[in-house]
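Asks: Below: one structure in structure tokens.
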Amino acid sequence: LPGPRRLSAVETLRTAPGLRPHGLYGGLLSWDGQLADDARLVTAIARTAAGHGARILTRTRALSVSGSGALVRDELTGQELTIRARAVVNATGVWADHLVDGVKLRPSRGTHLVLRGTTLPGLTAGLHIPVPGESSRFVLVLPQGDGRVYVGLTDEPVDGPLEDEPTPPESDIGFLLDILNTALDTPVHRDDVVGAFAGLRPLLDDAPGDTTGGRTSDISRRHAVLTSGEGVVTIVGGKLTTYRRMAQDALDAALAARGMEAAPCRTARLPLVGAAAPAELAALPVPRGLLARYGTEATALHALGEADPRMREPVAEGVETTRAELWWAVRHEGALDASDLLDRRTRVGLVPADRAAALDAAREALDAAAQEPAGS
């Protein structure tokens, strides 16, 4: 990637026209990688694991774990069953301390806002807006390839019971808008926020002498691997962008805890389903957006539209996701209902209005897949 360089005030405003020009001396342009679509990444990881022999159970809640297995419950039927295993890894995020004694977490909530691209027109780079009074905290403005813009994120401690699907409070939304508007010439208003979403960080509280003053923003983001007396390996902390290293450390610990041997870890070199060399991907005759989301499998999704042109239609006006993607999610990605399709396999559900408009397409995909013979 190119190295960082300074921008003049004119260049800065050309890159981000919405910035307030008064007092602007220039900018600093730097390059970095970014995770384009976490829903696609997580789905690809699960499918890659399945291709190597893993059994993927969705809608299943772990009720208890031990060094030799777990008691789980099917959340759709209520049926409970015991899974036996030679090694157990507890990778349940902010719920990890509910399953294993001796793990103490301090969850924090991170909220993002979703804006239409028209709210910040002409934005061609992400922005780092400093949080007043903080030395190393910023609000990020991240334009997306689908025309949306994400603004985030907060870092607020969460006390009490944890929600399965955390709801962004108005206080988080107001905080992000306030910081965003310190840098803009025309303020963004609450009505411009078309969606908001939040996640919970499983931060490890491992400091006897707490020097953070209760601030989760000061807790290390590094992952930690802990082994219980029963041999259950728990992994907490970390970030999605370092998942391969986290997986290697967790599995190394599990092998050691159970006295097992295995070949050297392959995760650093193991391609996910759909991966290929950039030149090979660039040569595929499919739309760029579809290619970015599905890699080499984009050719199969694109071919669906040759048999049925409706498959290439977007599921809602102004949304990139096509009907073929919903069909694919049902047939190949284990989607069971509209929430799976719109909230977990695609990003349509981040904007409630888009989700409502796409519901009919989701139901059609579920009905169509249900009527097809197995293996078709």
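Since every read-out is calculated from the coordinates, none of them should be taken as a lab result. This structure is a prediction, so every number in the text was calculated from the model and none was measured. Cβ: placed from backbone, ideal geometry, glycine included. Neighbour counts: every protein chain shown.
Asks: How far, in nm, would the chain grow between D159 and R190 when pulled straight, counting 0.36 nm per residue and subtracting the alpha carbon separation?
Replies: 8.5 nm
Asks: Can you give the relative contact order of the chain as a percent, counting alpha carbon pairs under 8 Å and 6+ residues apart?
Replies: 15
Asks: Per 5 Å bin from zero, what fraction in whole % of the C-alpha pairs of the stretch 278-371 is there, up to the bin with the longest pair?
Replies: 2, 15, 26, 24, 19, 9, 4, 1
Asks: Taking a label point 7 Å from the Cα of T15 along the Cα→Cβ vector, which residues of the stretch 122-154 have an amide N closer than 11 Å to it?
Replies: The answer is 124-128.
Asks: Dipole size in debye (nearest 20) for the stretch 312-373 around its Cα centre, Lys and Arg Cβ +1, Asp and Glu Cβ -1?
Replies: So the magnitude is around 140 debye.
Asks: Would you pull out the residues with amide H under 5 Å of R137's amide H, same chain only if 5 or more places away, H placed 1.01 Å from N?
Replies: Hits under the 5 Å cutoff: V131.
Asks: When Y25, Y243, Y294 are ordered from fewest to most other Cβ atoms inside 10 Å of their Cβ, what list results?
Replies: Ascending Cβ contact count within 10 Å gives the list Y25, Y243, Y294.
Asks: Another one. Under 5 Å between amide H atoms, partner at least 5 residues away or on a different chain: which partners does G195 have, H built in plane at 1.01 Å?
Replies: The list, which skips near neighbours in sequence, is V114.
Asks: Would you mind computing, in nm to one decimal, how far apart the modelled labels at E313 and L255 are, each placed 7 Å from Cα along Cα→Cβ?
Replies: Computed distance between label sites E313 and L255 equals 5.2 nm.
Asks: Can you tell me the order of 133-143, 36-46, 334-344 when each peptide is scored by its average per-residue count of other Cβ atoms within 10 angstrom, highest first?
Replies: The peptides rank, most packed first, as 334-344, 36-46, 133-143.
Asks: How big is the equivalent ellipsoid of the chain along its three axes, where each semi-axis is √(5λ) from the Cα gyration tensor, reported in whole Å from largest to smallest?
Replies: Semi-axes (√(5λ), whole Å): 35, 30, 21.
Asks: OK, next. What is the distance, in nm, between label points placed 7 Å from the Cα along the Cα-to-Cβ direction at S171 and at L35?
Replies: Reported label-point gap for S171 and L35 is 2.6 nm.
Asks: Classify the stretch 143-185 from the C-alpha gyration tensor, please: rounded if a/c falls under 1.5, else prolate or oblate depending on whether a/b exceeds b/c.
Replies: Verdict is oblate for the stretch 143-185.
Asks: Continuing with this model, one more query. Run the numbers for A54 and A279: contour at 0.36 nm per residue of separation, minus the present Cα-Cα distance, in nm.
Replies: That pair, A54 and A279, stretches by 78.0 nm at full extension.
Asks: For the stretch 243-255, in order, what is each residue's ³J(HN,Hα) by Karplus, 6.51 cos²θ - 1.76 cosθ + 1.60 with θ = phi - 60°, in whole Hz (x at glycine and Pro)?
Replies: Computed from phi, the couplings for the stretch 243-255 are 5, 5, 5, 4, 5, 4, 5, 5, 6, 4, 5, 5, 4 Hz.
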